[in-house]
Every structure is written in structure tokens, then in C-alpha cells.
Amino acid sequence: MQARRLSLSVARVAMTATFIGLVSNVAVHAADDPCQALGKVLNGRAQIIQEVQSYREKKPTADQACSAFTKLAKLNVNAVAAVERDGAWCRAPEDLAGSLKSQQNDIDAARKNACKAAVEMKKAQKNGGAGAPAPFGGSDGILGGDTKLPQGAL
């Protein structure tokens, strides 16, 4: 009788293990779903585009713009590759890859300009340029100091 119970327990464990294996296998396939992966790439790209479009209202720092356009450039390249690989299977619009490719030059140009501005801002701040107070309202440091000229009639 004990042997029979033991064999039933072993059988249940085996069935449970098989079921867990099947469920985890289904979960792995769901995680590997190319359409979900494509959707994640395109959604990430859309979020960065929304961030960049918000720059019209709230001006970013040069570092923020450089970072955003760098991310966008990488995501756009990944999106093109994903659409070319899985677009037909996922029923993406036929012209999506071409549209993304055509935007890459504009994204790269914006990234180049933003990152160049970020480098220039860092150099200027390091050299005491941008953000440093001009002595007596002038542009040179001959007189030195932060003294401001008096306002109004002299």
C-alpha cells in the first residue's frame, strides 16, 4: 500500500513538473514573441519622440537634448531592424521601415547638433564662460569682481 502511495506521489510530482515545464515554455515563447518585442521598440521610440516634442514648450539643457537624441537614434536603428525582420509577420504597415529610415538622417543631424552644443557648453563653463558673471557688466576680466554698475541716473 505504501509503495502504491509513493508511486502516486511520484506520478503527481512528475505531472506537476511537466505542467510547470509546459507553462514556463509558453511563458518563454510569449516573452520571445517578435510582435511584442517590435511593439516595445516602437513604444520606446514614441516616448522619446514625445519627450523631444515637449522641448518646444520647455527648453532642455544641451545635455538633456543630446541624451534624448542619442537614445532616439539608437531606438530608430533598432526599430528599422525589427520592422524589417518581423514587420510582415506582425502586420506592420509596408512603408513603416522606409519611413523610419528616412527619419534617421534628421535624427542624426539633431543628435550631432545637440551633442556639439553640450560639448561647447561644458567647455565654456570649464573656461569660465557661460554662466560666469561679467565684471562691471563688461565682457573682460580686467577689473574683476562681481560688482554691478549702479542703475538709474548717475
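The values are calculated or read from the model by the stated rules, or taken from the named source; none is laboratory data. Keep in mind it's a predicted model, so treat the numbers as computed, not measured. FYI the Cβ positions are ideal-geometry reconstructions off the backbone, even for glycines, and counts take in every protein chain you see.
Residue pairs whose Cβ atoms lie under 7 Å apart, separated by 6 or more positions or on different chains, with the first residue in segment 78-93 and of a type outside the set (D, E, K, R) and the second surrounded by 17 or more Cβ atoms within 10 Å (Cβ to Cβ) and not in a helix (DSSP H, G or I), are 83/92. Scanning segment 65-96 for residues that are farther than 18 Å from residue 107 by Cβ and surrounded by 15 or more Cβ atoms within 10 Å (Cβ to Cβ) returns 86, 87, 90, 92. Of all residues in segment 53-72, those being among the basic types (Lys, Arg) and in a helix (DSSP H, G or I) number 2. Condition check: surrounded by fewer than 17 Cβ atoms within 10 Å (Cβ to Cβ) and out of contact with any Pro (no Cβ under 9 Å at 6 or more places or on another chain). Does residue 62 satisfy that? It is false that residue 62 is surrounded by fewer than 17 Cβ atoms within 10 Å (Cβ to Cβ) and out of contact with any Pro (no Cβ under 9 Å at 6 or more places or on another chain). Just one residue in the set 100, 75 is at pLDDT 90 or above, in contact with a Gly (Cβ under 8 Å, 6 or more places away or on another chain) and in a helix (DSSP H, G or I); that residue is 75. Residue count for segment 85-96, restricted to those that are at negative phi and either modelled with pLDDT of 95 or more or of a type in the set (Lys, Arg) (or both): 1.
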